[in-house]
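What follows is one structure encoded as structure tokens, with my remarks underneath.
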Amino acid sequence: MRLLVVVALTMAALAVGRPAPVGAQTAETAAVESAFKQAFAAQDVEAVMALYAEDAVEVTSFGTFRGRAEIRTFIEAFFAQNPGFSVSYSESAIVLNTAVRRSFFTSDTIKAAGVSRIVAFSTTVVAQGTIASDTGLLDLSDPETARFAALMAR
């Protein structure tokens with residue numbers, strides 16, 4: 001009986017601090033990323049922000065934002081500066097705690113720049129059920145996106 005208790009305690013101690021099983025990590029990442037895509041497409045700032053960790057980092061072609069407060073300010077400004085905003089997404093590739101996708105954005109502001117839409121490569125890293133980091137960088141291999149970026153650089 002004593003041996004059984006020792007074995008059980010040893011196994012429990014070894015399990016503490018271990019990462020979630022691969023399937024659980026992938027499922028959690030898919031769920032968080034799906035919720036993010038839906039909330040962002042709906043321009044639901046509260047729902048988007050609820051998905052970010054307090055110390056999350058957002059890296060974009062427009063700057064790097066650290067922590068929820070900076071990320072909220074960026075997202076609110078992004079939506080405000082893009083009336084008529086819509087987004088669609090490619091199918092995501094999910095590996096463990098990371099989701100990678102292409103995001104296709106359009107808005108009245110983007111169209112006023114002479115392009116129909118811009119494309120970004122987006123990478124979302126999930127830790128403990130929240131977004132730890134999100135990176136969205138313009139896909140300059142896309143001709144319309146490259147033209148938009150050149151106009152922005154002026």
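Here, each number is a calculation from the coordinates, and none is a lab measurement. Fair warning: this is a prediction, and the values are worked out from it, not measured in the lab. For neighbour counting, all protein chains shown are included, and Cβ atoms are generated from backbone atoms with ideal geometry for every residue, glycine included.
Quick check on segment 51-94: take the gyration tensor over C-alpha atoms, sort the square-rooted eigenvalues as a ≥ b ≥ c, and tell me if it's rounded (a/c under 1.5), prolate or oblate. Since a/c reaches 1.5 but b/c is at least a/b, the shape of segment 51-94 is classed as oblate. A cut-off under 15 angstrom between Cβ atoms defines the neighbours of Asp142, and their net charge, with Lys, Arg +1 and Asp, Glu -1, is +2.
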